[in-house]
1. Need the failing condition index for A95 against (1) buried (at least 23 other Cβ atoms within 10 Å of the Cβ); (2) at positive phi; (3) of a type outside the set (S, T, Y), just the number.
2. Please work out which residue is farthest from L126 (Cα to Cα), limiting yourself to the range 3-16 and to residues that are out of contact with any helix residue (DSSP H, G or I) (no Cβ under 6 Å at 6 or more places or on another chain) and surrounded by 16 or more Cβ atoms within 10 Å (Cβ to Cβ).
3. Restrict the check to the range 96-110 and report whether at least one residue is within 18 Å of the chain's Cα centre (by Cα) and of a type in the set (S, T, Y).
4. Residue under question is G50, and the condition is that it be modelled with pLDDT of 95 or more, small (G, A, S), within 11 Å of D26 (Cα to Cα) and surrounded by fewer than 17 Cβ atoms within 10 Å (Cβ to Cβ); does it hold?
5. List every residue pair whose Cβ atoms lie under 8 Å apart, where the two residues are 6 or more positions apart in sequence or sit on different chains, the first residue falls within the range 9-22 and is more than 21 Å from I213 (Cβ to Cβ), and the second residue, located anywhere, is of a type in the set (A, V, I, L, M, F, W, C).
6. Please state which one of I173, I168, I147 is more than 17 Å from G210 (Cβ to Cβ), modelled with pLDDT of 95 or more, surrounded by 19 or more Cβ atoms within 10 Å (Cβ to Cβ) and of a type outside the set (D, E, K, R).
7. Please specify each residue of the range 23-37 satisfying the condition of being within 24 Å of A216 (Cβ to Cβ), surrounded by fewer than 21 Cβ atoms within 10 Å (Cβ to Cβ) and either aromatic (F, W, Y) or in contact (Cβ under 8 Å) with a residue 60 or more places away in the chain (or both).
8. Report, by residue number, each residue of the range 1-24 that is in contact with a Ser or Thr (Cβ under 6 Å, 6 or more places away or on another chain) and either assigned to a loop (DSSP other than H, G, I, E, B) or aromatic (F, W, Y) (or both).
Amino acid sequence: MSRLSTIFTQLPVDEKAFIPFITAGDGGLDNTLELMQVLVKNGADVIELGVPFSDPMADGPTIAKSHERAVKDGVSLSDVLVLVKKFRQSNDTTAIVLMGYLNPIEVFGYQAFANVASESGVDGVLVVDMPPEEAHDLKQSLDGVDIDFIFLVAPTTTDERLAFLATIASGFIYFVALKGVTGAEHLDVDLVKAHLLRIRQTVDLPIGGGFGIKDAKSAKAVSEHADAIIVGSSLVAFVEQYANDRDKMLASVGRLANEIATAIK
């Protein structure tokens, strides 16, 4: 059983998984490692690591800037995989999902990427800009090393595409809780509930809700209907805000993570 499957299977009935997102290499790779450890101490079940990319079109300003900073510092997909391997030296239970864009994986090579990701301790991969209809070759490579292939489902996803996703997705479904980019506003919890009910009729996987969830209050509201809560922009904002005060950065990330984890557990 994969780490992701174990995490969702072992969650108590009244608890939901907490999945914080940070961009790998933002503020330095050592900084990211410390942030990962802080997130685990404050309730993270899964950590979603953003792979730096020059054109993160699905991301709002906060996360897009974090990509820019990491790219400027020369952080590559190879560096991210080394980071995961380093994290695994002290943590073998928290699941790690890489979230990013297709180009770096294309350059790396599907099978080579899958092999190194598996050796490093990656549990899942989400490629934002890969249409599921074109995912067969990468899926085959990931399946061969038991890495889950996670897909986004938007409010506009059709029933036909949901049915197709049900045949290829694994790990969990990432539900985009609103139309827009990461960090967007106007989260409608009633609408989220309706969409999640529709997804559950077709897809037999845990569902994580992300985009627009910023704090304990919004996390708690969405957690009433989702199996996991995914939070990124409000955590990543601290990396920029306290770039010159690492202790305050780590404390701020830890405090918000703890508030969210407490609200949904």
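The values are calculated or read from the model by the stated rules, or taken from the named source; none is laboratory data. Everything numeric in this text was worked out from a predicted model, so none of it was measured. In this analysis, Cβ positions are derived from the backbone assuming ideal geometry, glycine residues included, and neighbour counts consider all displayed protein chains.
1. (2)
2. Applying the first criterion (out of contact with any helix residue (DSSP H, G or I) (no Cβ under 6 Å at 6 or more places or on another chain)) to the range 3-16 yields 3-15.
This time we only want the ones that are surrounded by 16 or more Cβ atoms within 10 Å (Cβ to Cβ), so: 3-5, 7-8, 11.
Working: R3: 16, L4: 13, S5: 16, I7: 18, F8: 18, L11: 22 Å.
Ranking the qualifying residues of the range 3-16, first place goes to L11.
3. yes
4. Working: modelled with pLDDT of 95 or more: yes; small (G, A, S): yes; within 11 Å of D26 (Cα to Cα): yes; surrounded by fewer than 17 Cβ atoms within 10 Å (Cβ to Cβ): no.
Criteria not met by G50.
5. Note: pairs meeting the criteria are T9/M1.
6. I147
7. The one that is within 24 Å of A216 (Cβ to Cβ), surrounded by fewer than 21 Cβ atoms within 10 Å (Cβ to Cβ) and either aromatic (F, W, Y) or in contact (Cβ under 8 Å) with a residue 60 or more places away in the chain (or both): E34.
8. Applying the first criterion (in contact with a Ser or Thr (Cβ under 6 Å, 6 or more places away or on another chain)) to the range 1-24 yields 16, 23-24.
Correct list: K16, A24.
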